[in-house]
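The numbers here are math on the coordinates, done by the rules we state, and not lab data. Worth saying up front: this structure is predicted, and the values here are computed from it rather than measured. No Cβ is skipped: glycine too gets one built from the backbone with ideal geometry, and neighbour counts run over all protein chains shown.
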Amino acid sequence: MKADINEFLTALKAKTAGEKEFHQAVQEVVESIWDVYQQNPRYKKAKILERMTEPERVIMFRVPWVDDLGEVQINRGYRVEFNSALGPYKGGLRFHPTVTLSILKFLGFEQTFKNSLTSLPMGGGKGGSDFSPKGKSDNEIMRFCQSFMTELQRHIGPHTDVPAGDIGVGGREIGYLFGQYKRIRNEFTGVLTGKGLAWGGSLIRPEATGFGAVYFVHHMLSLLGKDIAGQTFSVSGFGNVAWGAITKIAELGGKVVTISGPDGYIYDADGIHGEKIDYLLELRATNNDIVEPYAEEFGAKFYPDRRPWEQKVDIAIPCATENEVNLEDAQLLVKNGCFLLAEASNMGCTADAAEYLIKAISYAPGKAVNAGGVAVSGLEMTQNSQRLNWTREEVDGRLHIIMREIHDTCVRYGREGDKINYVKGANVGGFVKVADAMLAQGVV
Ligand code: NAP
């Protein structure tokens, strides 16, 4: 079996040289689903895996804009339309200097399985730019977004491809992108999700990824006979997902003791709750890259240039970016008593860290844990089609059900003796539905 997998991966790597994040994401999925793939000769005959690992379309484009000093700036824009077997392409836009085609291909590939897990009719896609909104004025961000959408608008639409936010793309950026789409196409449609409430957005969308992650953790804990209340959590990042997760953990009686930024991490022994959570939003709004001011504001400890995984906690929830927990971090967490790690970031753990955690503790991958974000984006699309706004309770209630069902799927496909292999469960559960739809739709 190993030899067959290696042969497949060698061929993929030869065709996509240098795309290491994409290779990492494909390898994890292929290893999990290989048995199911072999047992179903129809998949093999139709070359489902070869087709699934080739995006349906990749769009790359120039994004020229003029900064506040009158200088012309040029960034690169992307949209990877990965798989439309289950519905229109759906997935976020990331604006961050680290964005490359490899990163977006890994994210688009993962998104296909994640969207399948939500049971909503959405295909997989991802896009973005190497543009950084950090340190830019509002006008510069608006001009960049308008230039980006001037090209992107010809490739997307409410029945074709519906982007959303991701790192560096929040409500402000979605607003500028939506405004430009509407202006060029002369139509007010649900072409983006994460919109403002007054113009087609959904309640709970900003909180959805973090809330959903905590609902998922709740189900993981239930299987272990435990509860969120009374547990100590380590969270990384201080962005949208971290904020949502911390808000819900505090509400359910857990204690979050860390957040982090590119400058280091904060340890707050009293826990992050109440006005401290509101302060996270203020900190983000300063448009600087640092968490250190939190320490001064609330008398907490700041550890420059270090990561939060060295602290003793019960549960870790990475919420920043890919590969932010390596093997050493994972071993240290477990040594210090951590018994559960749930990735709210996409591919938050390196491959060797994930392999170690699957055996050592209860560990769940991003595509299951953070699927609440895209799930509520899917609900935003439904509300847009109905031209209705649902209540907070209605959206939150549906998010609860979706996260429980994703957890059930992971348990169904991932049970190994008395343990749950959440990686296998999420990959097989997501894969089967996409593969069957591709079979039914012929060789396209
Ligand atoms: P965000 O609001 O922009 O926050 C991202 C956080 O991660 C920030 O604290 C950011 O710090 C840090 N970060 C980003 N890139 C980094 C890098 N290369 N090195 C170190 N730190 C880095 O983004 P978000 O929406 O919370 O997304 C966080 C994670 O969740 C990502 O993996 C994203 O793909 C995933 N996710 C998001 C959603 C969603 O609905 N937003 C849904 C599913 C999954 P700086 O900004 O200061 O660099």
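The label-point distance for Thr98 and Ala285, in a model that sets each label 7 Å from Cα toward Cβ, rounds to 2.7 nm. Residues in segment 410-444 near a label at Arg51, defined as backbone nitrogen under 17 Å from the 7 Å Cα→Cβ point? Only 431-444 pass the distance filter. Rounded to the nearest 500, the helix-only mean residue ellipticity at 222 nm of the chain stands at -16000 deg cm²/dmol, with each DSSP H run of n ≥ 4 adding -39,500 (n - 2.57). Take the chain and mark each of the GluC sites (Glu not before Pro) that is in a DSSP loop with at most 16 other Cβ atoms within 10 Å; the longest unmarked stretch, sites excluded, is 188-444. Near Arg415, the amide H atoms lying under 5 Å from its own belong to Asn421; only residues 5 or more places off or on other chains count, and H is placed 1.01 Å from N.
State the antiparallel share, in %, of DSSP beta bridges confined to segment 208-369, rounding to the nearest 5. Rounded to the nearest five, the antiparallel share is 40 percent. Cross-link reach is defined here as a Cα-Cα straight distance under 19 Å, omitting same-chain residues fewer than 8 places apart; for Lys301 the lysines meeting it are Lys255, Lys276, Lys312.
If you plug the beta carbon distance of Glu394 and Asn139 into 1/(1 + (r/R0)^6) with R0 = 30 Å, you get a FRET efficiency near 0.20. Applying 1/(1 + (r/R0)^6) with r as the Cβ-Cβ distance of Leu439 and Lys335 and R0 = 41 angstrom yields a FRET efficiency of 0.35. How high is the FRET efficiency between Ser119 and Leu69 when r is their beta carbon distance and R₀ equals 51 Å, given to the nearest 0.05? My answer for the efficiency is 0.55. Could you tell me which of rounded, prolate or oblate describes the chain, using a ≥ b ≥ c as the square roots of the eigenvalues of the alpha-carbon gyration tensor, with rounded for a/c under 1.5 and, failing that, prolate when a/b is larger than b/c and oblate otherwise? Taking the square roots of the gyration eigenvalues as a ≥ b ≥ c, the chain is rounded. For segment 213-223, the Karplus equation 6.51 cos²θ - 1.76 cosθ + 1.60, evaluated at θ = phi - 60°, returns couplings of 4, 6, 4, 5, 4, 4, 5, 4, 5, 4, 5 Hz by residue, with Gly and Pro reported as x. With a simple spin-label model that places each label point 7 Å from the Cα along the Cα-to-Cβ direction, the separation between Thr382 and Leu197 comes to 2.1 nm.
Taking every DSSP beta bridge that has both ends in the chain, the antiparallel portion is near 60%. 3J(HN,Hα) along segment 244-260, derived from phi through the Karplus expression 6.51 cos²θ - 1.76 cosθ + 1.60 where θ = phi - 60°, amounts to x, 5, 5, 4, 6, 4, 4, 4, 8, x, x, 10, 9, 10, 9, 9, 8 Hz, with x in place of Gly and Pro. Scanning residues 5 or more positions from Phe238 or on other chains, those with amide H under 5 Å from its amide H are Ser260, with H placed 1.01 Å from N in the peptide plane.
Among the trypsin sites (Lys or Arg not before Pro) in segment 340-444, those placed in a DSSP loop whose Cβ has at most 15 other Cβ atoms within 10 Å are Arg387. For a paramagnetic label modelled on Ile184 (point 7 Å from Cα along Cα→Cβ), amide N atoms under 19 Å away belong, within segment 99-128, to 126-128. The modelled label-to-label distance between Gln39 and Ser222, using points 7 Å beyond Cα along the C-beta direction, is 2.6 nm. Distances between placed amide hydrogens fall under 5 Å for Val256 paired with Phe233, Ile272, all partners being 5 or more residues away or on another chain.
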